[in-house]
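*Asks:* Structure below; questions to follow.
What follows is calculated from the coordinates using simple rules that are stated; it is not laboratory data. What you see is a predicted model; the values in this text were computed from it and never measured. Counting neighbours? That spans all protein chains shown, and the Cβs are built from the backbone with ideal geometry, glycine included.
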Amino acid sequence: MDPNDAIDVGLNPDKLVTGAFVGIVLLTDVRPYTREDARLLKKKRGGSGWYPDHFAWVLKQPKRILPPIKAKGQLRLFKVSGAVRNLIKVIPL
């Protein structure tokens, strides 16, 4: 995590949880990323521009995981361990 990126979106980098699952969502659609998506993200301070040939993930029903579940993530889709899946199953959706 780049501390300057956190500051740019109004977060305190010293208080961010890293190395953990902090929430779950329902993935309802994957579609082409549009200029309108980029404008919306910029307005909400959550994006850095429009990129052709990228995709937007439509996420619904976000749920925070408290306390966060310590786990190593990856910068791509990946299989979650059985132990983590079992912990996530007890989160009310």
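*Asks:* Which whole-percent values make up P(r) of the chain when all C-alpha to C-alpha distances are grouped in 5 Å steps starting at zero?
*Replies:* In order of increasing distance, the bins hold 3, 10, 15, 20, 22, 17, 10, 2 percent.
*Asks:* Next up: Which FRET efficiency value, to the nearest 0.05, do you get for Glu36 and Lys79 by plugging their Cβ-Cβ distance into 1/(1 + (r/R0)^6) with R0 = 41 Å?
*Replies:* Numbers: r = 33 Å, r/R0 = 0.80.
The value I calculate is 0.80.
*Asks:* Using modelled amide H (1.01 Å from N, peptide plane; none on Pro or chain starts), what sits under 5 Å from the amide H of Ile65, excluding residues fewer than 5 places away?
*Replies:* Distant-sequence amide H within range of Ile65: Gly23, Ile24.
*Asks:* Continuing with this model, one more query. Of the listed pairs Lys15/Lys44; Lys44/Lys72; Lys63/Lys89, which have alpha-carbon separations greater than 23 Å here?
*Replies:* Pairs exceeding 23 Å: Lys44/Lys72.
*Asks:* Let me ask another. Distance from a point 7 Å along Cα→Cβ of Asp29 to each backbone N in segment 46-67: keep the residues under 12 Å and list them by number.
*Replies:* 56-60
*Asks:* Work out from phi, with θ = phi - 60° and the Karplus expression 6.51 cos²θ - 1.76 cosθ + 1.60, the ³J(HN,Hα) of each residue of segment 29-46, listed in order in whole Hz, and give x for Gly and Pro.
*Replies:* My calculation for segment 29-46 gives 6, 10, 9, x, 6, 10, 4, 5, 4, 4, 5, 4, 5, 4, 4, 8, 6, x Hz in order.
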